[in-house]
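K.L.:
A single structure is presented below for examination.
Values in this text are rule-based calculations from the coordinates and carry no lab data. Model, not experiment: these values are computed from the prediction. Cβ atoms come from the backbone with ideal geometry, glycine included; neighbour counts cover every protein chain shown.
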Amino acid sequence: MTLRAILATGALLLTACATSVAESPLTTEPMLTHSVFFDLKNDDAASIQALVDGCYEYLAPHDGIVYFSAGARHVDYQRDVNDLAFDVALTIVFENTAAQDAYQVTEPHLQFIEEFNENWASVRVFDSFAPAPTE
């Protein structure tokens, strides 16, 4: 390949990259972190695991989710600063508030509530902004 061909190819690639970036600018809208803490009436190991499994089955596969985790409280962490008033924690980071709003009314989310709510002594929900990723 000649130097002229290499330079022409490089120029085309740079133009394509510049066009791609110009057509899809980075969003500045913040992501939304949805943190939910479940305190169970029946908090035996099987009930806790059933709720964690239900979180993954019903809640994880949704559009707009950037990060998902659900798990039992770490019972060995009992420092003065630890809040021990929950059995299962759920953390979902959504692309934006619109994604979280859409998730709230989906059939799987409503099924999850229907299936598991009888064993909830309390549910605490904390929604907060997270900065949009930058590149």
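K.L.:
Which value in nm describes the separation of the simple spin-label points at Glu115 and Asn82, placed 7 Å from the Cα toward the beta carbon?
P.N.:
Roughly 2.9 nm, to one decimal.
K.L.:
Oh, and also: Going by how many other Cβ atoms sit within 10 Å of their own, how do Tyr67, Tyr58 line up, fewest first?
P.N.:
Numbers: Tyr67 11, Tyr58 20.
So the ranking, lowest neighbour count to highest, is Tyr67, Tyr58.
K.L.:
Order 124-130, 91-97, 50-56 from most to least packed using the mean count of other Cβ atoms within 10 Å.
P.N.:
91-97, 50-56, 124-130
K.L.:
How far apart, in nanometres, would the label points at Asp127 and Val66 be if each is projected 7 angstrom from Cα along the Cα-to-Cβ direction?
P.N.:
Here the answer is 1.6 nm between the modelled labels.
K.L.:
Work through the residues other than Asp53 whose Cβ is under 15 Å from its Cβ and net out their charges, Lys, Arg +1 and Asp, Glu -1.
P.N.:
Here the count lands on -4.
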